[in-house]
Amino acid sequence: MSLLAIRDVSKRFGGVNALAGVTFEVEQGDILGIIGPNGAGKTTLLNCISGLYRPDAGDIRWETTSIRGLAPYRIARLGIGRTFQIVRPFPSMTVRENTAMGALFGRPGARLQPGAALNEADMVLDVVGLGEKRHYPVLRLTVPDRKRLEVARALAMRPRLLLLDEVMAGLNQVEIEQALEMVRRVRDSGVTIVLIEHVMKVIVGVCRRALVLNFGRTLVEGPPAEVLKDRRVIEAYLGQRYARDQEK
Ligand SMILES: Nc1ncnc2c1ncn2[C@@H]1O[C@H](COP(=O)(O)OP(=O)(O)O)[C@@H](O)[C@H]1O
Ligand SMILES: [Mg+2]
């Protein structure tokens, strides 16, 4: 049985078919990369999985139960954590306090004591490489560090599945390598990952499978190296003329 199963999910906004019948599964322990041109429906897909949007049609199953239409906090408590493309921490708090909020409010069962939440924060801040900056006010963090903080806040909720929306956008080569290490550490800690990423090096570097969305539909799915060589994918990104030129 797969951990997450997306079946024929569709979502419209006015006249736009943001998602038009998307189907795929995520196995426990997998890292699935989702790529596709701007406007392809990638963020909408994460929003449907995490409950921010209710799909118009189709089903989303978490293990044996349908989670379609559940409120975001309920989906989070089932063990699905996410980051947002636009980072929005609590500005007046430190890195550690921001992270502890995830541990305090995102968990199933009895609420943690504040001390326990802070300990949990310290643990996940080490995983994302922010341990030494845990007492910084968040406003002092650089862009890559703010993205790490987003991941830490999601991890503090102890997710079994983590959804990452372009957490490596705007990073330089060294920062991308560090972020790749972070993703591998998260996976090695037993968390299944679905990540949206424009940086192809990331997709090839950590994903076992890649899925290409285009106009709300799955264009190609398979091992990353094969997917990125696929003519349909090259066309979707660069236009048909480029793809033809490559074949000459
Ligand atoms: N809340 C919304 N209201 C109206 N249109 C939306 C909304 N969210 C997404 N869309 C539209 O749905 C399409 C897919 O957007 P999105 O999922 O953000 O794409 P991606 O993340 O792949 O760039 C776009 O045409 C976008 O304008
Ligand atoms: Mg997006």
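The values are calculated or read from the model by the stated rules, or taken from the named source; none is laboratory data. As the structure is a prediction and not an experimental result, all values here were calculated from the model. No Cβ is skipped: glycine too gets one built from the backbone with ideal geometry, and neighbour counts run over all protein chains shown. Surface areas here come from the heavy atoms of the whole protein model, side chains and all, with no ligands, DNA or RNA. Shrake-Rupley method; radii C 1.70, N 1.55, O 1.52, S 1.80 Å.
Find the relative contact order for segment 89-158 and round it to a whole percent, using C-alpha pairs within less than 8 Å whose residues are 6+ positions apart.
That works out to 48 percent.
Two-decimal Rg/Rh of the chain from alpha-carbon positions, Kirkwood Rh?
Taking Rg over the Kirkwood Rh, I get 0.98.
Whole number in Å², please: accessible area per residue of segment 89-158, 1.4 Å probe, ligands, DNA and RNA not counted.
49
Pick from Gly190, Gly33, Gly51: which is most flexible by mean-square fluctuation in a GNM of the chain where alpha carbon atoms under 10 Å apart are linked?
Comparing Gly190, Gly33, Gly51 in the GNM, the peak value goes to Gly190.
Got a number for carbon plus sulfur as a percent of segment 104-143's accessible area, 1.4 Å probe?
58
If I model segment 154-208 as equal point scatterers sitting on the Cα atoms and use the Debye formula, what is log10 I(q)/I(0) at q = 0.15, 0.18, 0.22 Å⁻¹?
Calculated log10 I(q)/I(0) at the listed q: -0.39, -0.56, -0.83.
To check my understanding: the extent here is largest minus smallest coordinate of the Cα atoms along each principal axis. What are those three numbers for segment 1-87, in Å, largest first?
34, 25, 23 Å, listed from the longest principal axis down.
Could you tell me which of Leu141, Gly69, Gly205 has its Cα farthest along the dipole of the chain towards the positive end, charges placed at Cβ (Lys, Arg +1; Asp, Glu -1), taken about the Cα centre?
Comparing the listed Cα positions along the dipole, Gly69 ranks first.
Give, rounded to the nearest 20 debye, the magnitude of the charge dipole that the chain has about its Cα centre when Lys and Arg contribute +1 at Cβ and Asp and Glu contribute -1 at Cβ.
520
Of Lys147/Lys229; Lys147/Lys201; Lys42/Lys147, which ones are farther than 21 Å apart at the Cα?
Lys147/Lys229
At 1.4 Å probe size, with the rest of the protein present, what percent of the exposed accessible area of segment 145-215 is carbon and sulfur atoms?
54
Remind me, what semi-axes does segment 89-158 give for its equivalent ellipsoid, largest first in whole Å, using sqrt of 5 times each Cα gyration tensor eigenvalue?
19, 11, 10
In debye, nearest 20, what is the charge dipole magnitude of segment 89-158 about its Cα centre with +1 on Lys and Arg Cβ and -1 on Asp and Glu Cβ, if you could check?
Charge dipole of segment 89-158: 160 debye, to the nearest 20.
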